[in-house]
1. Go through the stretch 25-64 and report how many residues are more than 24 Å from K3 (Cα to Cα) and either more than 15 Å from the chain's Cα centre (by Cα) or of a type outside the set (K, R) (or both).
2. So E8 ticks every box in (1) of a type in the set (D, E, K, R); (2) within 18 Å of T110 (Cβ to Cβ); (3) in a helix (DSSP H, G or I) but one. Which box is left unticked?
3. Return yes when G78 is over 22 Å from A22 (Cβ atoms), in contact (Cβ under 8 Å) with a residue 60 or more places away in the chain and not hydrophobic (A, V, I, L, M, F, W, C) and no when it is not.
4. Since I130 meets every condition but one in (1) touching a residue at least 24 places away in the same chain (Cβ under 8 Å); (2) assigned to a loop (DSSP other than H, G, I, E, B); (3) surrounded by fewer than 22 Cβ atoms within 10 Å (Cβ to Cβ), which condition does it not meet?
5. Which one of the conditions (1) in contact with a Leu (Cβ under 9 Å, 6 or more places away or on another chain); (2) outside any helix (DSSP H, G or I); (3) exposed (fewer than 15 other Cβ atoms within 10 Å of the Cβ) does G150 fail to meet, given that it meets all the rest?
6. Quick one: which of V107, V170, V101 is at pLDDT 95 or above, among the β-branched types (V, I, T), closer than 21 Å to E43 by Cα and part of a loop (DSSP other than H, G, I, E, B)?
7. Tell me which residues, restricted to the stretch 133-147, are part of a helix (DSSP H, G or I) and loosely packed, with under 13 Cβ neighbours inside 10 Å.
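The values are calculated or read from the model by the stated rules, or taken from the named source; none is laboratory data. Source: prediction; values computed, not measured. Glycine also receives a Cβ, built like all others from the backbone with ideal geometry; neighbour counts cover every protein chain displayed.
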Amino acid sequence: MEKKPTREEALALLKKYNQNEALIKHALAVEAVMAQFAEKFGEDVEKWRVIGLIHDIDYEKYPDEHCHKAREILAEEGWPEEYIRAVQSHGWKICTDVEPVERMEKVLYTIDELTGLITATVLLRPSKSILDLTAKSVKKKWKQKGFAAGVKREIIEEGAQLLGMDLNEVIEESIKGMQNVAAELGLKGSL
């Protein structure tokens, strides 16, 4: 391939390896947040979207080889090394030693866990909607250690530091990105 993969190609490949609806929604959430940050930083929105969409390609079928199998799959498909490396870097200190160095990699590393926390927060709201969610509401839930206990908050914090951004700003931008695809994520709620 060595050309830039398109969103359509990425989505088809994602669905080839993932049937779980929750994983697909997670991929769509990460894609939307990556697009939000790409716009904010004046980066290649399409490229960032595609990387967000495909980042967990190997998770459903190969959870024990997460991020490693992704390299194999994407390399076989002829994806550019830059995309493969970005996908691998989101598992830094969890399942890979590929450190996020590019801004795009740092964003993916930071927001992957955060989208899960935001989704969990939305689902407990009376409106079940992300459209009226604030960073303050997410921060309130953040402090409750038992809430969304699987979300590694230290990774989000470390990612924000890597980006040189305030945690509140990272949360706000992530919410904005997810609001753009609220219906697809099933997070439009009653608003």
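1. First pass over the stretch 25-64, keeping only residues more than 24 Å from K3 (Cα to Cα): 25-26, 29, 40, 59-64.
In the following step, the residues that additionally are either more than 15 Å from the chain's Cα centre (by Cα) or of a type outside the set (K, R) (or both) were identified as 26, 29, 40, 59-64.
Residues flagged as more than 24 Å from K3 (Cα to Cα) and either more than 15 Å from the chain's Cα centre (by Cα) or of a type outside the set (K, R) (or both) within the stretch 25-64 amount to 9.
2. Tallying (1) of a type in the set (D, E, K, R); (2) within 18 Å of T110 (Cβ to Cβ); (3) in a helix (DSSP H, G or I), E8 fails exactly one: (2).
3. Working: over 22 Å from A22 (Cβ atoms): yes; in contact (Cβ under 8 Å) with a residue 60 or more places away in the chain: yes; not hydrophobic (A, V, I, L, M, F, W, C): yes.
Judged against the criteria, G78 is a match.
4. (3)
5. (1)
6. Values: V107 fails: part of a loop (DSSP other than H, G, I, E, B); V170 fails: part of a loop (DSSP other than H, G, I, E, B).
Matching residue, one of V107, V170, V101: V101.
7. First, the residues of the stretch 133-147 that are part of a helix (DSSP H, G or I): 135-142.
Result: K136, K140.
Matching residues to (1) buried (at least 21 other Cβ atoms within 10 Å of the Cβ); (2) without any contact (Cβ under 8 Å) to a residue 60 or more places away in the chain; (3) among the basic types (K, R):
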{"site": "V30", "(1), (2), (3)": "yes, no, no"}
{"site": "M34", "(1), (2), (3)": "yes, no, no"}
{"site": "G42", "(1), (2), (3)": "no, yes, no"}
{"site": "E60", "(1), (2), (3)": "no, yes, no"}
{"site": "C67", "(1), (2), (3)": "yes, yes, no"}
{"site": "A86", "(1), (2), (3)": "yes, yes, no"}
{"site": "L114", "(1), (2), (3)": "yes, no, no"}
